[in-house]
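These notes concern the structure reproduced below.
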Amino acid sequence: MRTRIGLALVTLVAAFSLAYAQKGTLEVAVDQAPVGLDPDIVTAFSSFAVVNEIYEGLVGVNAQLQIEPALATSWTVSPDGLSYTFELRQGVKFHNGREMTSADVVYSFDRIMDPKTGSPQASRFNEVAKAEATGPYQVTFTLKEPFAPFLSNLTNLFVVPKEVVEANGDLQKVAVGTGPFELDQVVPDTYVLLKANPDYYRPGEPKLAAIKFNVVPEASTRAAGLRTGTYQLLPTVDPVTAETLKKTSGVTVLGTQDLAYSLLGLNTSRKPFDDPRVREAINYAVDRSEIVQAVYLGNAVPGGPISPALKDWAVPTSDFPCYTPSVAKAKQLLADAGYPNGFSTTIITFGTIKEVADTAQVLQAQLARVGIDAKVDVEEFGKFVQDWKNSNFDMFVSLNGGSVDPDGYLYRTFITGGSTNVFKFSDPSVDQLLKQGRTTPDTAQRQAIYDNLQKQLACTGPIVHIAYGTLFTALRDNVQGFQQMPTRGLTYLRETSLP
Amino acid sequence: MIGYVARRLVDLVFVLLGVSVLVFLMVRFIPGDAVEIMLGANTDITPDRVAALRHGLGLDLPIHVQYWNWLTGVLHGDLGTSIWTGRPVADEILARAPATLEITLLALALALVLALPLGVVSARARGSAGDLVVRLLSIVGLTLPTFWVGVLMLLVFSLYLPGWPAIGYVPFATQPLGNLARMALPVVAVSLPMIAGLTRILRSSLLEVLGSDYVRTARSKGLAERPVLYKHALRNALIPVVTVIGVQLGYLLSGVVVIEQVFAIPGIGRLIIGAINQRNYPLIQGIVLVITAVFVVVNLLVDLAYAWIDPRVEYE
């Protein structure tokens with residue numbers, strides 16, 4: 001009898017907690033519809049916002065940018081740093097009800113590395129020799145050489161079910177993962193509806209019954225919708241709108257340091273930017289505080305090659321002499337380089353992000369003070385990307401995405417021939433440091449290497465780093481438990497609840 | 001009459017052919033092709049993969065071959081496949097047409113209901129305070145950009161009527177009231193310039209007719225002012241108004257493109273903006289073709305309406 005009452009109680013509590021745990025539909029307004037849903041193929045941020053709720057990796061990253069367990073509960077690294085063994089969480093189910101095992105992890109890794117998939121994630125795992133299932137719930141990755149950013153790159157290895165990929169060719173229109181939410185409905189250009197995964201392994205999560213990502217292209221419309229309560233969460237809000245929303249009752253505005261930075265890129269394969277003195281002169285000509293005030297309304301900090309959000313890695317800008325603006329020093333350096341009267345050039349940029357185009361305007365005025373006559377060319381975004389990719393520019397102003405590991409900030413961008421080194425920058429000593437940085441397992445030694453690199457790159461590198469903005473998120477006061485991420489990820493939607 | 005319509009329809013084919021060639025070339029002259037935009041800033045893709053993608057979409061073929069393939073498809077009733085979603089272009093357009101059609105027709109109806117009385121009042125009471133107000137308002141209506149009016153109305157409603165569902169779209173079939181509530185603001189925003197334009201045209205056209213000899217004759221034989229105005233003058237004054245309606249429908253469509261963006265309505269306007277940004281060639285071509293056809297047919301209907309208004313008009 002006692003057991004029966006006990007059982008009834010347990011059932012009651014379980015039923016109650018389930019009913020309690022998942023309720024409400026969170027109305028989110030985003031600017032763009034997701035462009036496909038395949039986690040191994042998509043590149044658009046609008047896609048990742050949705051994909052991140054559906055799929056998970058072995059490890060994840062939290063709001064403090066620390067690596068934490070996700071589908072793996074623990075891992076060990078061999079003393080030589082060449083072998084990582086992960087213990088998988090048992091009993092995790094895909095949204096189609098099948099249990100996830102080590103075979104799925106290996107399949108997902110192989111799928112990313114398969115050239116036929118064309119995955120943009122592949123280059124993150126070039127240092128991995130192989131992934132093996134060493135047990136039903138154990139996976140071992142073997143590296144070609146020690147690779148310090150491996151764990152943080154692993155957050156991009158989403159575990160996908162083989163049978164769904166094979167049945168559909170890819171995962172652009174179907175979505176079956178292990179994440180806190182599963183795909184319910186997609187109405188093109190209107191909304192994406194996710195519903196709670198009832199089998200999710202974190203106790204009591206997700207707390208919401210559903211999330212609706214409404215596609216609302218106009219910023220003022222999203223803000224008006226938040227005011228009226230039509231929407232409850234705007235994941236990204238521009239600084240001007242953030243200021244007005246702060247004064248609105250019933251609305252809370254959150255802010256965190258962005259990992260992405262605004263930059264003035266220089267084509268070092270073209271004169272006069274091939275001369276490090278000219279690059280240094282431009283750094284002296286740029287007044288970053290002025291840009292922070294004029295463009296970001298004070299909601300940004302001047303920064304170097306690594307975001308100040310990475311507190312263990314970023315060198316304070318006071319260590320970079322060229323971050324103290326000086327027209328005299330800039331003119332002197334230009335004269336030394338053979339341009340006593342300055343020169344004429346063109347800055348290309350695009351209009352879809354207001355801060356970017358505005359930064360270009362302010363930079364134009366600042367460069368004029370030292371005799372550099374820069375024409376600003378605001379291009380359509382598609383054309384800009386093409387010019388950027390083909391190094392078809394003198395200078396450009398844009399926004400570069402960040403990473404939770406310094407290697408992610410620097411390697412692809414500054415290594416000779418790197419995939420985003422559109423500046424055609426090449427410096428053997430930088431190359432050597434970049435390689436050391438990723439193969440040195442010891443954190444203190446790595447820090448010394450990256451300190452050195454940041455100082456080398458800050459003043460004479462191909463990038464004039466401008467500022468790291470504040471990311472704003474606005475939500476209704478009744479939305480509980482949401483936390484912002486410097487990565488712009490919406491990981492904490494799984495802990496978000498509505499009354 | 002039938003011969004006239006047939007000839008106009010043959011013209012339509014040539015217009016469509018010409019427009020299709022123009023659009024086909026124009027979208028390919030925009031820098032950055034569909035594959036490059038699709039890959040975005042992603043630089044890790046090998047050139048082989050890019051070439052394979054391009055081949056898969058038929059973008060590596062010579063341009064005249066691409067056009068011929070597309071044209072034969074269209075002649076067989078196949079507008080092609082959207083590059084990004086993989087769905088037939090015709091389905092994409094049909095899915096979005098209801099919202100745009102609804103805004104356009106409601107805006108047209110609203111414009112007629114308001115512009116006809118306003119124009120008549122203004123012409124009849126020429127020089128009065130009422131005439132002045134109507135003329136001033138019509139200038140304002142013509143000058144204010146649709147975009148601005150839309151955003152302003154949205155802000156005003158969010159402040160003073162926060163319960164009003166102003167944003168988004170629900171189909172009329174599932175939620176008739178919700179649909180009409182959401183349509184109200186966009187319809188008013190896009191119809192304002194049309195109301196203003198039609199009012200002004202009707203006013204000046206009516207004034208001209210009211211000053212003509214036959215109206216003087218009608219008045220001098222003792223006919224009351226009402227029958228003079230409504231039976232004799234108004235009918236003749238409508239011809240230029242109908243012409244303008246035909247032309248304005250085209251402008252209405254362009255206003256709808258903007259307003260769909262502001263109110264987050266998934267219509268043809270949003271579809272074509274997205275298609276252009278993504279260099280989704282088949283989709284751009286399909287939408288432009290359909291819009292052109294609608295525009296030409298509307299103008300044909302306008303021409304036919306002349307005969308209904310003025311029986312003296314004949315078609316040869």
If you add up the charges near A:Ala129, with Lys and Arg at +1 and Asp and Glu at -1, over every other residue whose beta carbon is less than 12 angstrom from its beta carbon, what do you get? -1
5 angstrom amide H check on A:Leu143, placed H, neighbours 5+ away: A:Ser83, A:Tyr84, A:Ala129
Charge dipole of the protein assembly as shown about the Cα centre (unit charges at C-beta), most positive-ward option of A:Val315, B:Ala52, A:Ile211: A:Ile211
Any idea what log10 I(q)/I(0) is at q = 0.17, 0.18, 0.20, 0.22 Å⁻¹ for segment A:224-347, Debye with uniform C-alpha scatterers and no solvent? -0.96, -1.02, -1.16, -1.28
Just report the Cα centroid separation between segment A:345-400 and segment A:133-152, whole Å. 41 Å
How far apart, in nanometres, would the label points at A:Asn62 and A:Gln432 be if each is projected 7 angstrom from Cα along the Cα-to-Cβ direction? 4.0 nm
Between B:Ile139 and B:Leu101, what is the FRET efficiency for a Förster distance of 35 Å, r being their Cβ-Cβ separation, to the nearest 0.05? 0.70
Which residue, B:Gly255, B:Gly130, B:Gly80, tops the fluctuation ranking in a GNM of chain B built on C-alpha contacts under 10 Å? B:Gly130
Could you tell me how many cubic angstrom of Cα convex hull volume the protein assembly as shown has per residue? 223 Å³
If each K or R counts +1 and each D or E counts -1, the residues other than A:Tyr191 whose Cβ falls under 12 Å of its Cβ total -2
Other chains' Cβ within 10 Å of A:120-130 residues: what's the mean? 2
If you add up the charges near A:Gly36, with Lys and Arg at +1 and Asp and Glu at -1, over every other residue whose beta carbon is less than 14 angstrom from its beta carbon, what do you get? -2
Quote the charge dipole size of segment A:374-482 about the Cα centre in Debye, to the nearest 20; the model charges only the Cβ of Lys and Arg (+1) and of Asp and Glu (-1). 120 debye
What's the center-to-center distance, using Cα atoms, between segment B:271-287 and segment B:156-218 in Å? 29 Å
Counting only other chains, what is the mean number of Cβ atoms within 10 angstrom of the Cβ of each residue in peptide A:181-191? 4
Averaged over the residues of A:220-227, the number of partner chain Cβ atoms within 10 Å of each residue's own Cβ comes to 6
Under a no-solvent Debye model with one identical scatterer per Cα of segment A:56-168, what's log10 I(q)/I(0) at q = 0.15 Å⁻¹? -0.63
Quick P(r) readout (segment B:99-309; Cα-Cα; 10 Å bins; whole %) gives 8, 28, 31, 21, 9, 3, 0
Plugging the Cβ-Cβ distance of B:Arg312 and A:Asp477 into 1/(1 + (r/R0)^6) at R0 = 51 Å yields, to the nearest 0.05, a FRET efficiency of 0.15
Net lengthening on full extension, A:Leu297/A:Asn400 (0.36 nm per residue, minus Cα-Cα): 35.1 nm
Under the rule of at least 5 residues apart or a separate chain, name every residue whose amide H is placed under 5 Å from the amide H of A:Tyr191. A:Val215
Would you pull out the residues with amide H under 5 Å of A:Thr346's amide H, same chain only if 5 or more places away, H placed 1.01 Å from N? A:Lys375, A:Asp394, A:Met395
So for the pair A:Asn168, A:Ala129, with labels modelled 7 Å out along Cα→Cβ, what separation do we get in nm? 3.6 nm
Using a 10 angstrom Cβ neighbour count of at most 16 plus a DSSP loop assignment to flag exposed trypsin sites (Lys or Arg not before Pro), which longest range of chain B is free of such sites? B:1-125
Cα lying deepest toward the dipole's positive end in chain A, options A:Ser123, A:Thr440, A:Leu194, charges on Cβ: A:Leu194
Take the Cβ-Cβ distance between B:Leu159 and B:Ala129 as r, set R0 to 25 Å, and report the resulting FRET efficiency rounded to the nearest 0.05. 0.20
Among the listed pairs A:Lys23/A:Lys212; A:Lys93/A:Lys207; A:Lys389/A:Lys455; A:Lys130/A:Lys389; A:Lys311/A:Lys455, those beyond 24 Å (Cα-Cα): A:Lys389/A:Lys455; A:Lys130/A:Lys389
Residues of segment B:263-288 with amide nitrogen under 19 Å from the 7 Å Cα-to-Cβ point of B:Asn69? B:279-287
If you roll a 1.4 Å probe over segment B:28-180 with all protein chains in place, what percent of the accessible area is carbon or sulfur? 73 percent
Fully extended, how many nm does the chain gain between B:Ile273 and B:Asp91 (0.36 nm per residue separation, minus their Cα-Cα distance)? 63.8 nm
Mean Kyte-Doolittle hydropathy of -1.0 or higher plus an axial Cα length of 18 Å or more: which whole DSSP H helices in chain A meet both? A:2-21, A:354-368, A:443-460
Percent RCO, i.e. relative contact order, over chain B, from Cα pairs under 8 Å lying at least 6 residues apart: 28 percent
Are there any helices in chain B, counted as whole DSSP H runs, that stretch 30 Å or more along their axis by Cα and score at least 0.5 on average by Kyte-Doolittle, and if so which? B:2-29, B:89-124, B:176-210, B:234-262, B:281-309
Residue with peak Gaussian network fluctuation, chain B [Cα springs, cutoff 10 Å], from B:Leu229, B:Leu75, B:Leu25: B:Leu75
Any idea which of A:Ser83, A:Gly97, A:Ser108 is furthest toward the positive side of the dipole for segment A:56-168, if Lys and Arg beta-carbons carry +1 and Asp and Glu beta-carbons -1? A:Gly97
Please identify, among B:Ala218, B:Ala233, B:Ala181, the residue showing maximal mean-square fluctuation in a Gaussian network model of chain B using a 10 angstrom Cα cutoff. B:Ala218
Classify segment A:261-470 as rounded, prolate or oblate from the Cα gyration tensor: take a ≥ b ≥ c as the square roots of its eigenvalues, call it rounded if a/c is under 1.5, otherwise prolate when a/b beats b/c and oblate if not. rounded
From phi via Karplus (6.51, -1.76, 1.60), per-residue ³J(HN,Hα) for segment A:301-307 in Hz, x at Gly/Pro: 10, x, x, x, x, 10, 4
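The values are calculated or read from the model by the stated rules, or taken from the named source; none is laboratory data. Computed from a prediction, not measured in an experiment: that's the story for all the values here. Cβ sites come from the backbone with ideal geometry, for glycine too, and all protein chains shown count toward neighbours. Note: areas computed on protein heavy atoms with side chains; ligands, DNA, RNA excluded. Shrake-Rupley method; radii C 1.70, N 1.55, O 1.52, S 1.80 Å.
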